[in-house]
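Colleague: Before I ask anything, here is the structure I am working with.
The values are calculated or read from the model by the stated rules, or taken from the named source; none is laboratory data. This is a predicted model, so every value here is computed, not measured. Backbone-built Cβ (ideal geometry, glycine too); neighbour counts: all protein chains shown. These accessible areas exclude ligands, DNA and RNA; they are computed on the full protein's heavy atoms, side chains included. Shrake-Rupley method; radii C 1.70, N 1.55, O 1.52, S 1.80 Å.
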Amino acid sequence: MTVIVKEENWSNIPLLHIVEENLENSNLPTAIFLHGFTSAKEHNLHYAYNIAKQGVRVLLPDAHLHGVRDENLDEVQLSLRFWEIVLTSIEEMKTLHQELAARGTNKITVGGTSMGGITTLGCLTVYPWIDAAAVMMGSPGFVELAKAQMSQFERRGFKLPITDEERKSLLDTLSIFDLTKHRSALNHRPVLFYHGEQDSVVPYEPTFNFYNAVKEDYADDVERFQFISEPSAGHTVSRSAMLRASDWLASYLKE
């Protein structure tokens with residue numbers, strides 16, 4: 001078995017296309033995996049390889065202002081545009097779906113780490129065509145997370161470059177993609193969560209509380225809604241959790 005990696009550009013979205021060489025031109029189900037903040041598409045090749053070797057096509061896109069789309073912003077400047085990046089990725093997921101549909105693909109799963117996990121949850125809120133998801137260190141509560149981020153910036157002495165009206169407009173927009181406010185959007189789709197309990201970047205408790213609130217909706221099939229906690233882990237993903245997420249995304253494409 002040979003897995004190939006190609007650098008491609010789909011409708012101005014730079015991505016890595018990973019697939020078994022002998023299946024490259026086949027009509028395959030597809031997993032889209034999203035990277036984290038300040039990361040880039042190639043940093044998730046270990047997920048892509050472990051998914052692709054199961055006979056699945058994998059796409060690793062670069063997020064806005066990341067990877068080859070980098071605009072040489074420092075981390076503070078990038079942080080101030082965090083939600084712009086997330087919302088752009090959610091919008092671009094529609095474009096990737098259209099491209100895949102044009103190529104005959106009708107089964108798609110989505111996953112991501114950190115910012116990519118957050119984006120995945122936003123996508124689940126608005127795209128019913130996603131068959132399953134793996135959320136690594138993500139948060140479904142967009143509004144709550146944005147408010148916490150703003151407060152943290154202000155406590156550190158930064159003056160946010162937005163007016164009160166712009167702040168309200170951002171929070172109103174984020175509420176559209178906030179899965180805690182649109183729980184029914186899950187529609188019993190399979191979702192795997194992973195989170196370290198010591199995570200100081202994306203807090204563990206809000207995501208775990210959401211899982212506990214929603215799991216009753218999956219009472220008839222608990223295998224489809226799972227949460228992996230690691231008590232000593234911070235903002236990092238263990239190898240075992242990476243392999244579990246890769247298998248999860250592939251398994252629901254091969255049903």
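Colleague: My understanding is that a pair violates if its Cα-Cα distance is over 31 Å; which of LYS107/LYS147; LYS94/LYS168; LYS168/LYS254 do that in this structure?
Modeller: LYS107/LYS147; LYS168/LYS254
Colleague: Moving on to the next point. Need the list of aspartates and glutamates near LYS6 for cross-linking: C-alpha distance under 18 angstrom, and skip anything on the same chain fewer than eight residues off.
Modeller: Partners within reach: GLU20, GLU21, GLU24, GLU42, ASP62, GLU99.
Colleague: Identify the chymotrypsin sites (Phe, Trp or Tyr not before Pro) of segment 172-250 meeting these criteria: DSSP loop state and at most 15 other C-beta atoms within 10 Å of the C-beta.
Modeller: Values: sites: PHE177, PHE193, TYR194, TYR204, PHE208, PHE210, TYR211, TYR218, PHE225, PHE227, TRP248; in loops: PHE177.
For chymotrypsin sites (Phe, Trp or Tyr not before Pro) across segment 172-250 that sit outside H, G, I, E and B with at most 15 neighbouring Cβ atoms in 10 Å, the list is empty.
Colleague: Can I ask one more? Can you work out the FRET efficiency for the pair TRP129 and SER238, with r the C-beta to C-beta distance and R0 = 25 Å, to the nearest 0.05?
Modeller: 0.25
Colleague: In addition: Among the trypsin sites (Lys or Arg not before Pro) within segment 91-142, which fall in a DSSP loop and have no more than 16 other Cβ atoms within 10 Å of their own Cβ? Walk me through the intermediate numbers first.
Modeller: On the way: sites: LYS94, ARG103, LYS107; in loops: ARG103, LYS107.
Counting only loop positions with at most 16 other Cβ atoms within 10 Å, the trypsin sites (Lys or Arg not before Pro) in segment 91-142 are ARG103.
Colleague: Now a separate question. Once R0 is set to 22 Å, what does the formula 1/(1 + (r/R0)^6) return for the Cβ-Cβ distance between ASP220 and GLU197, expressed as a FRET efficiency to the nearest 0.05?
Modeller: 0.20
Colleague: Under 8 Å for C-alpha pairs, at least 6 residues apart: give me the relative contact order for the chain, rounded to a whole percent. If you can, show how the numbers build up before the last one.
Modeller: Details: 459 pairs, mean separation 47.4, N = 255.
Here the relative contact order equals 19 percent.
Colleague: While we're on this one: Taking the solvent-accessible surface of protein heavy atoms with a 1.4 Å probe, what is the per residue accessible area of segment 6-133 in Å²?
Modeller: 38 Å²
Colleague: Taking only Cα atoms, what is the 0 to 90° angle, nearest 10, from helix 82-102's long axis to the longest principal axis of the chain?
Modeller: Roughly 20 degrees, rounded to the nearest 10.
Colleague: While we're on this one: Give the label of the value calculated from the structure for mean projected area of the Cα convex hull in nm², choosing from (1) 12.1; (2) 13.5; (3) 26.3.
Modeller: (2)
Colleague: While we're on this one: Probe radius 1.4 Å, ligands and nucleic acids ignored: give me the carbon and sulfur share of the accessible area of the chain as a rounded percent.
Modeller: 47 percent
Colleague: So, one more: Quick check: residue separation of GLU21 and LEU73 times 0.36 nm, minus the Cα distance between them. What number comes out in nm?
Modeller: Gain in length upon complete extension: 15.0 nm.
Colleague: Continuing with this model, one more query. For a Förster distance of 30 Å, can you work out the FRET efficiency between the beta-carbons of LYS254 and ARG81, rounded to the nearest 0.05?
Modeller: The formula returns an efficiency of 0.20 here.
Colleague: Test of understanding: what is the full-extension gain from ASP164 to ALA102, defined as 0.36 nm times their sequence separation minus their Cα-Cα distance? Write out the running numbers ahead of the final one.
Modeller: Working: separation 62, 0.36 × 62 = 22.32 nm, distance 4.25 nm.
Length gained between ASP164 and ALA102: 18.1 nm.
Colleague: Something else about it: Out of segment 66-156, which GluC sites (Glu not before Pro) are coil in DSSP terms and have no more than 14 other C-beta atoms within 10 Å?
Modeller: GLU71
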